[in-house]
Each structure stands twice: as C-alpha cells, then as structure tokens.
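Just below is one structure, and these are the notes that go with it.
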Amino acid sequence: MGTPQYIHLTTNKYLFILSGKLVIITRISSCTAVIMSPLLLILCGILTVVRSLHDWSYSGPYGPTEWHIDHADCGGDRQSPIDIDTGLITYSPKLTEINIDSYSQTEGVELSLVNVAGHTAEVEYKGKDILISGGGLPADYALKQFHFHWGKVDSRGSEHAIDGHHYPMEMHIVHKRKGGGNFLAVIGYFFDIGSNNMAFDVLVNQLHNIKNSGANVTIPTFKLTDLLPNTKLNNYFRYEGSLTTPPCSEVVIWTLSSDHITISEDQLNKFRALRDADGKELVDDYRPLQKLNSRKVMTSRRTKDQSGTSLAAKTSINAQWMLTFVACIIIAYRSCDQ
Ligand SMILES: [Zn+2]
C-alpha cells in the first residue's frame, strides 16, 4: 500500500482518498482512540510513522500554529519568543551583572557540533561543569548547549524582537539549573551584519561537516567568551517564558543581551547552506512572536525615567544653576558700580 493522498482541511481534520473514496478523519497522535476498519488501522500506523518522522516543523501542516495539538504547553500564556517593547520595560536593581567568567573555561570540556533534526546548528557541551550565576538568577546554572535561529534574508531570523524589529540571527545559550528540576536559564544574543568576525570562524568553518539533518562532528574546544561582544553581561532584558520549540515548557528564565554580535553576510550564508530533514535549505527556523499577556519585562539598565532624576529634571536643575550664576554676575557688577 502506497502513501495515502490527503488534504489538510482544518487544524485537526484531513480529507483522505482511499480506494477512490473520500474519507474525513480527525488528526490523531496514536491509534488507541480510533476504532475503525483494519484498513484505517493500517493507515493509522502509516500516519504515526509519518508523524514520528516529521514531528514538528517551522512551516506547513506541522508548523507553529499546530504545535499545541501534540504539545499542550505550546498553547500556554507564558510562551516565548516575545517582542520587547522598550516603552514598557521596568528597571530592576536585582538584575546585576551575570557572572559568565567560566565561559572562558576549556579544560575538561568536549564540544560537538550538531545539525539537530534539521532544526538548528547546535554546539553541545560535555565534561566539566561551566556554571553561571548572579544577575537575579535563583541558583547556579550549568551550560548545556548553544544554538542559532536565522532567516533566509537579513530582515528576519531572530526569535525575539526589540520594538518590533527582528535581527538576521539570534544565539541561545542554554543552561540547566543545578540541584534538580528541569529549569533553564537561556541567554540570547542578537546579531547584526557587518565585517567578518574572525572569532566565529572556529564554528562557521565547521558547518559544512554537519550539512545534513542529524549530522554531528567533534570540534576543537574554544572559549565561548570569544564569540561574545563583551566579557561582561550587565546590560540586558529579563522575563520568564518557555522553550521556543516543542514541548514549549514554561521553565525558562530569559536574558536577552543588549550588546549584539556582528558577523558578515558570508558567515551567515554558511548557516543558510545547512539542510533540514527534507533536504531543503535550513532557514527561517524561528517561532513567531507570542503574547506577553500578564508578564513584565525587566531591564538591568536604569532608564532616564527611572533614574530618580529624569532628563527633564536635570534640564531644570541646570537652568536653575544658570540663573543663579547670572544673578551672581549681575550682583557683582552692581557692587563694582557702587
Ligand atoms: Zn533557541
């Protein structure tokens, strides 16, 4: 029996053509809920295989709008990514510098570069713990992997946006909380296109080794700090959200750096040369923006309106000093006349 022909009707209904007859069935994730003819049970088995091969994707019938069918958390109200509206962010004095000194550690660390199911390029860590702390994080967190989301063109690719603006790529550094529980801290960096970033060549020049979905290669260990725009991480946004891929678990403390990474168009094109599970170009691997709902986005940087002395107040104070100075000159001048 060949692969059945079907048409996607609604979010969970499909029109099948079976032996010349049209059959509408509801989308299913397992066979247990179906009591049908043996033929449909065979069909169900085929569909299950198809589902396991595709699972989820960034477009088509298994795209982001359908993720919640198999992964209920994807329909939650604390999802990621989000747009950061800088007019609505709140300064928090708890958001001190995050200690990322251990990113420079290379002893006892092994790195693998992986094309993860045609969804992303990921560097995975094994060996000695690389821990980050501070910056309002409730515990120490161990680095597990970092990966990327990028666009087919430079006007899109990042998952998060700042005031509605997307960047051509976004890097996510994923850490797991020490001491139990599946709680994560993810640090995100946006990319700008500019001159060649030599530090990124250690990674970019290995990408051809993981062109196809599932490929992986051991790569020489390097300092993660070399990839970052700043050895200090003290200028960032913070909110609580989710994984941006299924199962979309709402277990992530998000930190988005205000300092960006620059790479060249040529370097980004090497990411775009990777292939997805269908052998097509791996691009636009980002989830659409999710609603903020009742959440608040915090910032580590004091804005002018939250600094205690606003720009307007400072201008007023400067004007008062100027008036006082002029008054003193006039008084002194008149004193000289007398
Ligand atoms: Zn990610």
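Where a number appears in this text, it was derived from the coordinates with a stated rule and is not lab data. No experiment lies behind these values; they were computed from the predicted model shown. Glycine also receives a Cβ, built like all others from the backbone with ideal geometry; neighbour counts cover every protein chain displayed.
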For the pair GLU240 and ASP278, the simple spin-label estimate (label points 7 Å beyond Cα toward Cβ) gives in nm 3.8 nm
Amide H of ASP192 versus every other amide H placed in the peptide plane: which residues, excluding those fewer than 5 positions away on the same chain, fall under 5 Å? ILE261, THR262, ILE263
Kindly write out, for the stretch 61-70 in residue order, the coupling ³J(HN,Hα) from the Karplus curve 6.51 cos²θ - 1.76 cosθ + 1.60 (θ = phi - 60°), rounded to whole Hz, with x marking Gly and Pro. x, 10, x, x, 6, 9, 4, 5, 5, 9
Rounded to the nearest Å, the spacing of the alpha-carbon centers of the stretch 127-166 and the stretch 217-232 is 14 Å
For the stretch 79-85, 3J(HN,Hα) per residue [Karplus equation, 6.51 cos²θ - 1.76 cosθ + 1.60, θ = phi - 60°, Hz, x = Gly/Pro]: 9, 10, x, 9, 8, 8, 8
Magnitude of the Cβ-charge dipole (Lys and Arg +1, Asp and Glu -1) of the stretch 202-295 about the Cα centre, nearest 20 debye, reported as 160 debye
Report the paramagnetic label zone for LYS94: residues of the stretch 164-183 whose backbone N is under 20 Å from a point 7 Å from Cα along the Cα-to-Cβ axis. 175-183
Taking the Cβ of TYR286 as the centre, find all other residues whose Cβ is under 9 Å away and add up their charges (Lys, Arg: +1; Asp, Glu: -1). -2
Two-site FRET efficiency, THR65 against ASN293, from Cβ-Cβ distance with R₀ of 22 Å, rounded to 0.05: 0.80
With r defined as the distance between the Cβ atoms of THR106 and SER195 and R0 fixed at 30 Å, what FRET efficiency is calculated, to the nearest 0.05? 0.70
Going by amide H atoms built from the backbone, whose H comes under 5 Å of the H on VAL297, apart from near neighbours? THR90
Based on the Cβ-Cβ distance of LYS178 and THR86, what FRET efficiency does E = 1/(1 + (r/R0)^6) give at R0 = 41 Å, to the nearest 0.05? 0.80
Summed over the other residues with a beta carbon less than 10 angstrom from that of LEU184, with K and R at +1 and D and E at -1, the charge totals +3
Exposure-ranked with fewest Cβ neighbours within 10 Å first, HIS68, HIS208, HIS175, HIS166 stand as HIS208, HIS68, HIS166, HIS175
Can you compute 3J(HN,Hα) from phi for each residue in the stretch 136-141, using the Karplus curve 6.51 cos²θ - 1.76 cosθ + 1.60 with θ = phi - 60°, rounded to whole Hz and x for Gly and Pro? x, 6, x, 7, 7, 10
For GLY118, other-chain or 5+-apart residues with amide H closer than 5 Å (H placed, Pro excluded) are GLY214
